[in-house]
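Structure first, commentary second.
The values are calculated or read from the model by the stated rules, or taken from the named source; none is laboratory data. Predicted, not measured: the structure shown is a model, and the values here were computed from it. We place every Cβ from the backbone using ideal geometry, glycine too, and count neighbours over all the protein chains shown. Just so you know, the surface numbers come from the protein's heavy atoms only, side chains and all, with ligands and any DNA or RNA stripped out. Shrake-Rupley method; radii C 1.70, N 1.55, O 1.52, S 1.80 Å.
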Amino acid sequence: MDAASLAPSVLAGQRRAVARALTHVENGLPGADALVDALYPHTGAAWRVGITGPPGAGKSTLTDRLVTAFRQRGQTVAVVAVDPSSPFTGGALLGDRVRMDGHAEDDGVFVRSLAARGALGGLSEAAEAACDVLDAAGYDVVLVETVGVGQGEIDVAETTDTTLVVLVPESGDAVQAMKAGLMEVADVFCVNKADKPEAPRLVKALRGMLHLRPEGSAQPTVVTASALQGDGVDGLVVALDAHRDALADRWDAVRADRLRRRVRRLVEGRWRRTFWADGRAEALADAVARLDPADRAPHRLAERVLADPG
Ligand SMILES: Nc1nc2c(ncn2[C@@H]2O[C@H](COP(=O)(O)OP(=O)(O)O)[C@@H](O)[C@H]2O)c(=O)[nH]1
Ligand SMILES: [Mg+2]
């Protein structure tokens with residue numbers, strides 16, 4: 001069956017159609033692009049919240065708490081657990097599954113793990129397309145949890161409306177966060193495991209680093225929580241809501257900006273594939289093999305590749 005023909009059932013919110021649509025975008029199956037294009041005009045109502053931070057910080061535990069909090073105020077919630085390294089780290093996601101089982105009977109909750117295997121544009125495109133599917137299916141909130149803090153995951157965080165960065169009070173975590181590029185993407189920091197005595201120090205260190213944010217960008221909020229005990233979740237929701245409300249009068253600009261970046265990414269991905277598929281990869285390998293080692297010059301070679309029309 002043609003993937004795009006799934007669109008009406010996705011728009012009707014049928015769970016099986018949503019699941020199949022997600023499989024299509026995850027694996028870059030034929031027709032997935034047309035499906036996303038058909039759904040895209042029906043997106044924009046969902047609030048997309050990225051949840052990132054180092055493994056073990058408590059992202060899944062917090063995600064579960066957030067699902068409960070959003071459900072309690074009547075919102076429907078979809079959770080996408082993005083794991084760039086699947087299927088090899090199935091353990092982490094297995095943990096997520098077990099925790100999310102508390103919502104298994106709830107029709108207002110949809111949970112799905114995602115490992116981008118074939119999507120053009122890579123992990124962030126797969127995650128963004130998955131959000132489109134869930135947005136079009138009518139979920140009010142889409143939570144996107146990443147497994148760790150690699151570059152791919154930072155890219156994913158940039159495709160959401162609100163980015164929550166979860167850190168734990170372990171030595172040097174604030175500095176790690178800065179190095180990993182989390183300072184730039186965070187809208188809300190949550191210092192989790194606040195039941196541990198080192199938490200206030202991390203909060204202080206984070207607040208001291210906020211000035212490192214790019215000029216003109218809004219200051220992220222820093223809150224604390226103990227996800228395991230459920231403490232601080234209300235405050236976290238308040239902070240997340242405040243960020244969403246601050247975006248409210250420029251949703252259109254935010255969305256247009258995101259679409260522009262996404263199309264650039266798609267164009268670059270497609271261009272790269274086409275460029276090297278045209279025999280240029282082989283031509284370059286030949287040229288390198290034929291050249292005398294003394295004549296090898298990286299920049300001149302690059303120019304030759306670019307100049308040769310194929
Ligand atoms: N002490 C303490 N442990 C927590 C807290 N939140 C989560 N944990 C534990 O930390 C571990 C990792 O949590 P998980 O949610 O899987 O982290 P993730 O890898 O970031 O998704 C689990 O054993 C949790 O039970 C907390 O607030 N305090
Ligand atoms: Mg997790």
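Computed about the Cα centre, the dipole magnitude for the stretch 262-307 is approximately 460 debye when only Lys and Arg (+1) and Asp and Glu (-1) carry charge, each at its Cβ.
Highest mobility in the GNM of the chain, judged by mean-square fluctuation with C-alpha springs under 10 Å and restricted to PRO30, PRO55, PRO293, is found for PRO293.
Applying a DSSP loop filter and a limit of 12 other Cβ atoms within 10 Å to the GluC sites (Glu not before Pro) in the stretch 100-189 leaves GLU105. Taking amide hydrogens as placed 1.01 Å from N in the peptide plane, the amide H of PHE110 sits under 5 Å from those of VAL77, ALA78, VAL79, each at least 5 positions away in sequence or on another chain.
Modelled spin-label separation between LEU301 and ALA283, with each label point placed 7 Å from Cα along the Cα-to-Cβ direction: 1.6 nm.
Would you mind classifying the stretch 262-307 by shape? Square roots of the alpha carbon gyration tensor eigenvalues, ordered a ≥ b ≥ c; an a/c under 1.5 is rounded, otherwise it is prolate if a/b is larger than b/c and oblate if not. In terms of gyration-tensor shape, prolate. Taking Lys and Arg as +1 and Asp and Glu as -1, the other residues whose beta-carbon sits under 12 Å from that of ILE154 total -3.
For the stretch 199-209, backbone phi angles converted through the Karplus equation (6.51, -1.76, 1.60; θ = phi - 60°) give residue-by-residue couplings of 4, x, 5, 5, 4, 5, 4, 5, 4, x, 9 Hz, Gly and Pro being listed as x. Along the axis of the charge dipole computed for the stretch 262-307 (Cβ charges of +1 for Lys and Arg, -1 for Asp and Glu, origin at the Cα centre), the listed residues VAL288, LEU266, VAL305 are led at the positive end by LEU266. Think of each Lys and Arg Cβ as +1 and each Asp and Glu Cβ as -1; about the Cα centre, that makes the dipole of the chain roughly 280 debye.
With every protein chain in place and a 1.4 angstrom probe, the accessible-area ranking of MET178, MET209, MET183, largest first, reads MET178, MET209, MET183.
For the chain, the relative contact order comes to 19 percent (Cα pairs under 8 Å, sequence separation of at least 6). For a test of the definition: using alpha carbon positions, the gyration tensor, and the 1.5 limit on a/c, classify the stretch 158-247 as rounded, prolate or oblate. Judged from the Cα gyration tensor, the stretch 158-247 comes out oblate (a/c at least 1.5, b/c at or above a/b).
Relative to the longest principal axis of the Cα atoms of the chain, helix 233-247 runs at roughly 50 degrees. For the stretch 266-302 versus the stretch 120-171, the inter-centroid distance based on Cα atoms is 34 Å. Overall, the anisotropy analysis places the chain in the oblate class: the square-rooted eigenvalues a ≥ b ≥ c of its C-alpha gyration tensor yield a/c not less than 1.5, with a/b not exceeding b/c.
The Cα center of the stretch 190-241 and the Cα center of the stretch 58-78 differ in position by 18 Å.
Restricting the trypsin sites (Lys or Arg not before Pro) of the stretch 211-310 to loop positions (DSSP other than H, G, I, E, B) with no more than 13 neighbouring Cβ atoms within 10 Å leaves ARG296.
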